[in-house]
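Colleague: Provided herewith is a single structure, encoded as structure tokens, for subsequent inquiry.
The values are calculated or read from the model by the stated rules, or taken from the named source; none is laboratory data. Nothing here was measured: the structure is a model prediction, and the numbers come from that model. Note that each Cβ is placed from the backbone with ideal geometry, even for glycine, and that neighbours are counted across all protein chains shown.
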Amino acid sequence: MLEGHLKRKCMLSQSSSPKISFIQVNSLKSEEKLQYLEKIYPLYDKLFHGKSKQEFYECYIDNPLAQVDIELFTDNCERVVGFEIMRFFNEVFHSHPVTLCCLLIGIDKEYRRKSDVASFVLRESAKFKLLHPFRKLYCINTVINPASYRMIARYAYEMYPRYNTVPDDDLANFLIHAADKMGFAIVDNKNHLIRKTGNVVKMSPKDRIKWQSESDPHVQFYVNETHLIPGHGLLTLMPGTLKNLVFSVLKYWLNRLF
């Protein structure tokens with residue numbers, strides 16, 4: 001009887017918005033980090049393949065080289081139904097200190113429309129910029145699915161690459177150089193924007209056909225660049241300048257309101 005009640009409670013939770021919690025991972029003790037690993041990894045393993053539990057832990061939770069912030073989505077049964085992991089790395093390029101931020105998103109299909117990934121990315125980037133106003137910030141990712149690329153393209157005021165924008169040469173060269181330094185391996189010598197990733201999205205044949213027939217120009221651009229090859233990601237760069245963050249926030253709210 002109790003089991004049936006809990007099952008009904010969980011089923012009802014899918015019709016409501018998930019609960020959101022924010023974790024500053026670097027402030028956690030080792031045992032607390034391991035507890036979050038046990039909560040998050042089952043969803044990662046459901047949505048992706050590529051990293052073992054230990055590899056995931058060392059890369060996204062107990063990474064001594066990064067500041068790690070996580071936003072968790074949980075249902076009424078306290079099951080993790082989504083995560084957004086943002087990592088900040090301090091690097092030096094041409095004798096200048098910069099910070100690179102990377103994002104991993106995993107959200108259960110039933111909850112994707114109820115999540116708000118863009119607000120998390122913009123909020124954490126803006127928070128970092130306010131705390132470090134004179135440090136250059138760049139958000140760099142090897143985007144591994146068209147939905148994520150569409151989200152970035154929809155809200156970012158300035159980003160590279162984009163189907164309808166001619167890139168600044170310095171920005172394009174910086175992205176390639178940064179990706180090389182971070183160890184994102186080139187998989188196509190004719191296109192250095194396509195890189196090997198450590199995470200592979202589990203995409204059904206039905207989803208693949210859906211994305212290939214999508215009319216959105218951002219999605220078409222992503223599909224044409226990556227050909228949806230498993231394990232291949234599209235390098236993207238969003239400068240974390242004050243101007244870009246302010247105008248991106250305005251784009252975000254205009255999209256939300258209209």
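Colleague: May I ask you to verify whether Lys127 is without any contact (Cβ under 8 Å) to a residue 24 or more places away in the chain and of a type outside the set (Gly, Ala, Ser)? Show your work before the answer.
Modeller: Numbers: without any contact (Cβ under 8 Å) to a residue 24 or more places away in the chain: yes; of a type outside the set (Gly, Ala, Ser): yes.
Spelling it out, Lys127 is indeed without any contact (Cβ under 8 Å) to a residue 24 or more places away in the chain and of a type outside the set (Gly, Ala, Ser).
Colleague: Here is a further query. Check the stretch 191-201 and report whether any residue there is part of a helix (DSSP H, G or I) and either over 20 Å from Cys101 (Cα atoms) or modelled with pLDDT under 95 (or both). Working first, answer last.
Modeller: Step one: filter the stretch 191-201 for residues part of a helix (DSSP H, G or I), giving none.
Checked against the condition, which is being part of a helix (DSSP H, G or I) and either over 20 Å from Cys101 (Cα atoms) or modelled with pLDDT under 95 (or both), the stretch 191-201 yields no hits at all.
Colleague: Only one of these conditions is not met by Asp116: (1) at pLDDT 90 or above; (2) surrounded by fewer than 19 Cβ atoms within 10 Å (Cβ to Cβ). Which number is it?
Modeller: (1)
Colleague: Being at pLDDT below 95, touching a strand residue (DSSP E or B) at 6+ places or on another chain (Cβ under 8 Å) and buried (at least 16 other Cβ atoms within 10 Å of the Cβ) is true for just one of Ile61, Ile105, Ile70. Which residue is that? Give the derivation first.
Modeller: On the way: Ile61 fails: at pLDDT below 95; Ile70 fails: at pLDDT below 95.
The unique qualifying residue is Ile105.
Colleague: Checking Leu234 against (1) more than 28 Å from Pro97 (Cβ to Cβ); (2) in contact (Cβ under 8 Å) with a residue 40 or more places away in the chain: exactly one of these is not met. Which one?
Modeller: Unmet for Leu234, out of (1) more than 28 Å from Pro97 (Cβ to Cβ); (2) in contact (Cβ under 8 Å) with a residue 40 or more places away in the chain: (1).
Colleague: Any idea which residue in the stretch 147-174 is nearest to Lys136 (Cα to Cα), counting only those that are under 17 Å from the mean Cα position of the chain (by Cα) and aliphatic (A, V, I, L, M)?
Modeller: So the residue we want is Met159.
Colleague: So, in the stretch 104-158, exactly how many residues are part of a helix (DSSP H, G or I), closer than 22 Å to Val68 by Cα and basic (Lys, Arg)?
Modeller: Here is the first cut: in the stretch 104-158, the ones part of a helix (DSSP H, G or I) are 109-114, 117-131, 146-155.
Next cut, closer than 22 Å to Val68 by Cα only: 117-131, 148-149, 151-152.
So of that shortlist, the ones also basic (Lys, Arg) come out as 123, 127, 129.
Of the residues in the stretch 104-158, 3 are part of a helix (DSSP H, G or I), closer than 22 Å to Val68 by Cα and basic (Lys, Arg).
Colleague: Right, another one. So which residues in the stretch 1-58 are among the aliphatic types (A, V, I, L, M) and either modelled with pLDDT under 95 or under 17 Å from the mean Cα position of the chain (by Cα) (or both), if there are any at all?
Modeller: Once the filter is applied, which keeps residues that are among the aliphatic types (A, V, I, L, M) and either modelled with pLDDT under 95 or under 17 Å from the mean Cα position of the chain (by Cα) (or both), the stretch 1-58 yields Met1, Leu2, Leu6, Met11, Leu12, Ile20, Ile23, Val25, Ile40, Leu43, Leu47.
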